[in-house]
Amino acid sequence: MIVPLGDAALLVRFADSLSDEANRRVLALAASLAAEPVPGGIEVVPSLVSVLLRYDPRHSDPGMLAGEIGLRLHAAAPVAPSSSRAISVRFGGAAGPDLAEVAERLGLDEAEFVRRHNATPLRVLTTGFAPGFVYCGFHPPELVLPRRDSVRQAVPAGSVLFAAGQTAIAATEIPTGWHLIGRTGFRNFAPHRTPPTHLAPGDTIRFEVEP
């Protein structure tokens, strides 16, 4: 679905809920628009299930852009992982106060949960919500757990969060309803860097227990 967003942007939505297929189509379209920009295009912003295209209305017609995007939807090639990174995590304890509850709700002990959590590399689905915040997925169905019933007013930078079949990493202090299972020294946001994030959608992440 391609819909106008204000008078200078189009939103391409691939699904109403998150899925691996929808997210891969997001990355493919975003890569196509970045590699071959459309006339008047200003910015391409991928999210979990949609792509935002900002354009200059003085140099672009929304109807023409929608037609061009429609052609790209059929031609966009899957995005191959651009890089792979291992991220060490201190699981449980003060660093991850929700780990015990998460493991119990999934019918596992803490060590087995961590083993399964780290068993398969995850894909960076998108970054957003807060500077450098990164969503990684997907865990298998047996590791899917809803978010917490209450929101923590703040978790520190480096918090490793778990919910809805995903693991997320906070690069700044944020409020969250995700389960806090650990902490890492990795920071995905450097404001003076270009680009300011180290990870990009499509990258592969391997979580490891910190030695």
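For residue 43, what accessible surface area do you get with a 1.4 Å probe? Give it in Å², rounded to 10.
80
In Å², and per residue, what accessible area does segment 34-94 have when probed at 1.4 Å with the other protein chains present?
Values: 3530 Å² over 61 residues.
Using a 1.4 Å probe on heavy atoms only, each residue of segment 34-94 averages 58 Å².
Could you tell me which label, among (1) 59; (2) 40; (3) 49, carries the value of percent of Cα pairs over 23 Å apart calculated for this structure?
Working out percent of Cα pairs over 23 Å apart from the coordinates points to (3).
Less than 10 Å Cβ to Cβ from residue 177, Lys/Arg counted +1 and Asp/Glu -1: what total charge do the surrounding residues give? Before the final figure, lay out each step's value.
Working: positive: 147, 148, 152; negative: 149.
Here the charged neighbours net out to +2.
Given H placed 1.01 Å from N in the peptide plane, which residues other than close sequence neighbours of residue 174 have an amide H under 5 Å from its amide H?
Correct list: 155.
Express the carbon and sulfur contribution to the solvent-accessible surface of segment 64-132 as a percent, rounded to the nearest whole number, probe 1.4 angstrom. The partial results should precede the final answer.
Values: 1980 of 3580 Å².
Percent of accessible area from carbon and sulfur atoms in segment 64-132: 55.
Just flag the trypsin sites (Lys or Arg not before Pro) in segment 126-211 sitting in loop per DSSP whose Cβ has no more than 13 other Cβ atoms within 10 Å.
Values: sites: 147, 148, 152, 183, 187, 193, 206; in loops: 147, 148, 187, 193.
Passing sites in segment 126-211 are 193.
Mind running the shape call on segment 55-117? Use the C-alpha gyration tensor, a ≥ b ≥ c as the square roots of the eigenvalues: rounded below 1.5 for a/c, prolate if a/b tops b/c, oblate otherwise. Mind dumping the intermediate values first?
On the way: a/c = 3.41, a/b = 3.06, b/c = 1.12.
Prolate, since a/c reaches 1.5 and a/b exceeds b/c.
For a quick check: with amide H placed at 1.01 Å from N, whose amide H comes under 5 Å from residue 138's, ignoring anything fewer than 5 positions away on the same chain?
It is 123, by chain and number.
Could you check which residue among 91, 129, 189 shows the biggest mean-square fluctuation in a GNM of the chain with a 10 Å Cα cutoff?
Of 91, 129, 189, the Gaussian network model singles out 129 as fluctuating most.
By accessible area of protein heavy atoms, probe 1.4 Å, what ranking do 135, 55 get, highest first?
Numbers: 135 35, 55 10 Å².
Largest accessible area first, the residues go 135, 55.
The values are calculated or read from the model by the stated rules, or taken from the named source; none is laboratory data. Computed from a predicted model, the values in this text were never measured in an experiment. Heads up, the Cβs are rebuilt from the backbone with ideal geometry, glycines too, and the neighbour counts pull from every protein chain shown. The accessibility values were calculated without ligands, DNA or RNA, using every heavy atom of the protein model including side chains. Shrake-Rupley method; radii C 1.70, N 1.55, O 1.52, S 1.80 Å.
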